[in-house]
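The values are calculated or read from the model by the stated rules, or taken from the named source; none is laboratory data. Everything quoted here is computed from the prediction, not taken from an experiment. So basically every Cβ, Gly included, is an ideal-geometry build from the backbone, and we count neighbours across all protein chains shown. Each accessible area value is taken on the protein alone, full model and side chains, heavy atoms only, with ligands, DNA and RNA left out. Shrake-Rupley method; radii C 1.70, N 1.55, O 1.52, S 1.80 Å.
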Amino acid sequence: MADIKGRPRKAIIQEKNIGFYLTWKQYAIVQKKAKEAKLTISDYMRQVALNAKVIERWTPKQQEGARRVIGVAADIHQLMLNSKEMTADELEQMFQKYRDILDEAIEILRHAR
């Protein structure tokens, strides 16, 4: 009987191929990371896909809460620029208003899931 020649069969056969596009810059980063890990790009991407922690996108409620916080930050900045022209009582009222808005935004973010 003749010896069987060629590459031995893999223990685990990869049966499904998926593809995706990268920019050249992204590809260079993946290539560098795979090389540092001493893996092929395919093996590196497989391990990342199976083991990496993925952070999900924000829900619409979380986005709304973030928008409110950013809006308050911009308003407070503008308030500080104009604060010399305001009385202490006016400033206190404005800060209370922003405190309430921030409290609402925090509640939205807290219960957004």
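Accessible surface of Thr87, taken over heavy atoms with a 1.4 Å probe and every protein chain present, rounds to 70 Å². Spin-label model, Asn17/Asp3: points 7 Å from Cα along the beta carbon direction are separated by 3.2 nm.
Rounded to the nearest Hz, the phi-derived 3J(HN,Hα) couplings of segment 58-70 under the Karplus curve 6.51 cos²θ - 1.76 cosθ + 1.60 (θ = phi - 60°) are 5, 6, x, 5, 5, 4, 5, x, 5, 4, 5, 4, 5, where x marks glycine and proline.
Out of Gln26, Gln78, Gln14, any idea which swings most in a Gaussian network model of the chain, alpha carbons joined below 10 Å? Evaluated over the chain, the most mobile residue of the options is Gln14. Rounded to the nearest 20 debye, the dipole magnitude of segment 1-53 is 120 debye, with +1 charges on Lys and Arg beta carbons, -1 on Asp and Glu beta carbons, and the Cα centre as origin. Rounded to the nearest 500, the 222 nm mean residue ellipticity of the chain from helices alone is -21000 deg cm²/dmol, with -39,500 (n - 2.57) taken per DSSP H run of at least 4 residues.
Step through the table entries Lys10/Lys38; Lys33/Lys53; Lys10/Lys33; Lys61/Lys97, compare each Cα-Cα distance with 23 Å, and write down the pairs that go over it. Could you put the intermediate results ahead of the total?
On the way: Lys10/Lys38 19 Å; Lys33/Lys53 17 Å; Lys10/Lys33 25 Å; Lys61/Lys97 21 Å.
The answer is Lys10/Lys33.
GNM on the chain, alpha-carbon springs under 10 angstrom: the most fluctuating residue among Ile55, Ile12, Ile41 is Ile12. Considering only Cα atoms, the convex hull volume of the chain works out to 197 Å³ per residue. Ligands, DNA and RNA left out, the 1.4 Å accessible surface of segment 49-106 is 57% carbon and sulfur atoms. Our coupling estimate for segment 16-31, obtained by passing each phi through the Karplus curve with A = 6.51, B = -1.76, C = 1.60 and θ = phi - 60°, is 10, 10, 10, x, 7, 9, 10, 6, 4, 5, 4, 4, 4, 5, 4, 4 Hz, Gly and Pro reported as x.
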